[in-house]
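Below: the structure, in structure tokens.
The values are calculated or read from the model by the stated rules, or taken from the named source; none is laboratory data. Since the structure is predicted, the reported quantities are computational estimates derived from the model, not experimental observations. Here the Cβ is made from the backbone with ideal geometry for all residues, glycine too, and neighbour counts use every protein chain on show. In case anyone asks, the SASA skips ligands and DNA or RNA and just uses the protein heavy atoms, side chains included. Shrake-Rupley method; radii C 1.70, N 1.55, O 1.52, S 1.80 Å.
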Amino acid sequence: MLSIDTAVIVLAGVALFAAFVNGAIGYGFSSLTVPLALVFYTNRILNPAVIVIEVFLNLYVLFINRTGVPSVWKRVFPILVGLLPGIAVGAVVLASLQPGWVKLGTYTVILPLILIQAAGWRRPVRSTWLIGLPFGTALGILYSVTTISGPPLAILFNNQGLVKNEFRAGLALVRVAESSVTAVVYYQLGLFIPESESLLRVFIPCVLVGVPLGAYLIRRLDAETFRRICMSVDAWVVGFGLSRVLIELDLMESPWAYSVMLATILIDIYLLYVFFTVRKAGSNRAIDDVE
């Protein structure tokens, strides 16, 4: 088992990469940091530190994409309303359940979301109260328990046909609201503890370096390919974490529990093959059109 010092070093490396991704695509800090960090820490220790970072990260993303706010705020308003009861319920769940079962729930929920997003699932969705309100409540529960909301939000907004600036603005609006409200609820429930403060001191320098670096380098990378590779990293990490927690809770024995990770990797490799095959075909058609 890794020592505390080694765990902190690993966490710092993961947080730096996650901050780089967040700076590049506008989200990803929690969805990349949390799955691997849960191998070493419980949600109760990890979440408060992540939430504080998320508040400032989301405010930064909202500021740089503020021009897209007027065109999307009406679409996201039902989601914002639904967030409030969901966050309250999720925070109570986090404070009440045994940490191992919270980990299991976290991995079980986010793994299919990541794979659906990686598959490029598309189905036109209209933003209405009928959809936005229950979606917001479910999102609030998910976020306050796991601090992760990027994958389901990305799926919803992609299927609403939002352009790049609108996508980022809508994402930032929802995430500013959910992270700020969750921070207040955590404080009221007494979930900010010294161990969380120690992790926060690890996260801060990683974010200060990683976010501007990601924002700078994404101009020189293919954003869609970069985003897809990040999903693969996330899926593989979540598959590993789910296998580990199945062993911890005595639900499966080693090495059979790692079949979950293996299945995740095989599914993702297939989705990667489809992704790059489609992109290559699209590039070839574009070349033919030019010729």
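Here are some conditions: (1) modelled with pLDDT of 90 or more; (2) closer than 18 Å to ASN58 by Cβ; (3) open to solvent by 20 Å² or more (accessible area, probe 1.4 Å). ALA215 meets all but one. Which one does it not meet?
With respect to (1) modelled with pLDDT of 90 or more; (2) closer than 18 Å to ASN58 by Cβ; (3) open to solvent by 20 Å² or more (accessible area, probe 1.4 Å), ALA215 is out only on (1).
TYR187 fails exactly one of the following numbered conditions: (1) of a type in the set (Phe, Trp, Tyr); (2) open to solvent by less than 10 Å² (accessible area, probe 1.4 Å); (3) under 19 Å from LEU84 (Cα atoms). What is the number of that condition?
(2)
Go through (1) at pLDDT below 90; (2) part of a helix (DSSP H, G or I); (3) over 30 Å from LEU262 (Cα atoms) and name the single condition VAL145 misses.
Just one mismatch for VAL145, condition (3).
Only one of (1) open to solvent by less than 10 Å² (accessible area, probe 1.4 Å); (2) under 28 Å from LEU200 (Cβ atoms) fails for PRO78. Which number is that?
(2)
Return the residues of the stretch 10-42 that are among the polar types (S, T, N, Q) and either within 13 Å of the chain's Cα centre (by Cα) or assigned to a helix (DSSP H, G or I) (or both); say none if nothing qualifies.
ASN22, SER30, SER31, THR33 - these are the residues of the stretch 10-42 that are among the polar types (S, T, N, Q) and either within 13 Å of the chain's Cα centre (by Cα) or assigned to a helix (DSSP H, G or I) (or both).
Restricting to the stretch 190-212, what's the tally of residues that are in a loop (DSSP other than H, G, I, E, B) and either loosely packed, with under 15 Cβ neighbours inside 10 Å or touching a strand residue (DSSP E or B) at 6+ places or on another chain (Cβ under 8 Å) (or both)?
Number of matching residues: 2.
Restricting to the stretch 51-67, name every residue that is open to solvent by less than 50 Å² (accessible area, probe 1.4 Å) and at pLDDT below 85.
Across the stretch 51-67, the qualifying residues are VAL61, ASN65.
Provide a single number: the residues in the stretch 1-55 that are acidic (Asp, Glu) and touching a residue at least 12 places away in the same chain (Cβ under 8 Å).
Total meeting the criteria: 1.
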